[in-house]
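These notes concern the structure reproduced below.
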Amino acid sequence: MQHTAVVALYSLIFSEKFECDREKLLKIALVHDLGELFTGEIPRNVKISQAKIADLFAQLEITSLNQFIPTYGNYVKEYEKQISIESKIVKLADIASAIVYCNHEAKLGNCLMKELFKKTVKRYIDASAKLGIKVTEAEILEIFAKEYKDEI
């Protein structure tokens, strides 16, 4: 739940730069990972390397949401398909949350996080571009992780 709260907060902060429906934005932010109630957390590297399995889990999540929590299934679907400004803002907030998490883990000594951090920064740049925002790695590091500036 901590991740969801952080994503909702970042979404609100990021949304100040856009014309959007903030109620819808918050609904998407609050339920963007709701499908994991049915499938559990699937690591991103598995989703990338095993696309067929990831697709099956995504279908299971949507089917389960529509069956058990139909009111919110459409918000999750919208988030997954990135079809609205609100869903794109939430995606950016979700990635920002991942950057902060990677940074925190690296500070605790998790040496595996450095490479994941680099990849997540690139995902943030891509997600920003979908919102018409040009951002550089240096700017992201300045905001989220000043201590990595010389390493990435």
Given (1) crowded, with 19+ Cβ neighbours inside 10 Å; (2) under 21 Å from MET1 (Cβ atoms), ALA127 misses just (2)
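Taking the conditions exactly as written (assigned to a helix (DSSP H, G or I), modelled with pLDDT of 90 or more and charged (D, E, K, R)), does GLU105 satisfy them or not? Walk me through it before giving the result.
Numbers: assigned to a helix (DSSP H, G or I): yes; modelled with pLDDT of 90 or more: no; charged (D, E, K, R): yes.
The answer is no for GLU105.
Of everything in region 20-32 that's within 14 Å of the chain's Cα centre (by Cα), free of Cβ contacts under 8 Å to residues at least 60 places away in the same chain and under 11 Å from TYR72 (Cα atoms), which residue is surrounded by the most Cβ atoms within 10 Å (Cβ to Cβ)?
Start the filter on region 20-32 by keeping residues that are within 14 Å of the chain's Cα centre (by Cα), which leaves 25-26, 28-32.
Next, only the ones that are free of Cβ contacts under 8 Å to residues at least 60 places away in the same chain stay: 26, 30-31.
If we keep only those that are under 11 Å from TYR72 (Cα atoms) too, we end up with 30-31.
Working: LEU30: 18, VAL31: 22.
Taking the candidates together, the pick is VAL31.
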When region 1-31 is examined, which residues are found to be in a loop (DSSP other than H, G, I, E, B) and farther than 12 Å from ILE89 by Cα?
MET1
Residue check, ILE53 within 26 Å of LEU116 (Cα to Cα), modelled with pLDDT of 80 or more, hydrophobic (A, V, I, L, M, F, W, C) and not in a loop (DSSP other than H, G, I, E, B)
no
Could you grab the pairs with beta carbons closer than 9 Å, sequence gap of 6+ or different chains, first residue in region 118-132 and in contact (Cβ under 8 Å) with a residue 60 or more places away in the chain, second one part of a helix (DSSP H, G or I) and of a type in the set (Phe, Trp, Tyr)?
LEU131/PHE14
Of all residues being more than 26 Å from LYS17 (Cα to Cα) and in contact (Cβ under 8 Å) with a residue 12 or more places away in the chain in region 108-117, which is surrounded by the most Cβ atoms within 10 Å (Cβ to Cβ)? Just the residue, please.
LEU116
Taking region 108-132 and keeping residues closer than 20 Å to TYR10 by Cβ and outside any helix (DSSP H, G or I) leaves LEU131, GLY132
What number goes with the only condition from (1) surrounded by fewer than 20 Cβ atoms within 10 Å (Cβ to Cβ); (2) assigned to a helix (DSSP H, G or I) that VAL76 does not pass?
(1)
Scope region 79-101; condition surrounded by fewer than 17 Cβ atoms within 10 Å (Cβ to Cβ), part of a helix (DSSP H, G or I) and either polar (S, T, N, Q) or free of Cβ contacts under 8 Å to residues at least 12 places away in the same chain (or both); matching residues:
LYS81
In region 133-145, anything assigned to a helix (DSSP H, G or I) and without any contact (Cβ under 8 Å) to a residue 40 or more places away in the chain is listed as GLU137, ALA138, GLU139, LEU141, GLU142, ILE143
Odd one out for ALA5, checked against (1) among the small types (Gly, Ala, Ser); (2) modelled with pLDDT of 90 or more; (3) within 23 Å of LYS122 (Cβ to Cβ):
(3)
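The values are calculated or read from the model by the stated rules, or taken from the named source; none is laboratory data. Values in this document were obtained by computation on a predicted structure and should not be read as measured data. Here Cβ is always computed from backbone atoms with ideal geometry, including for glycine, and neighbour counts include all displayed protein chains.
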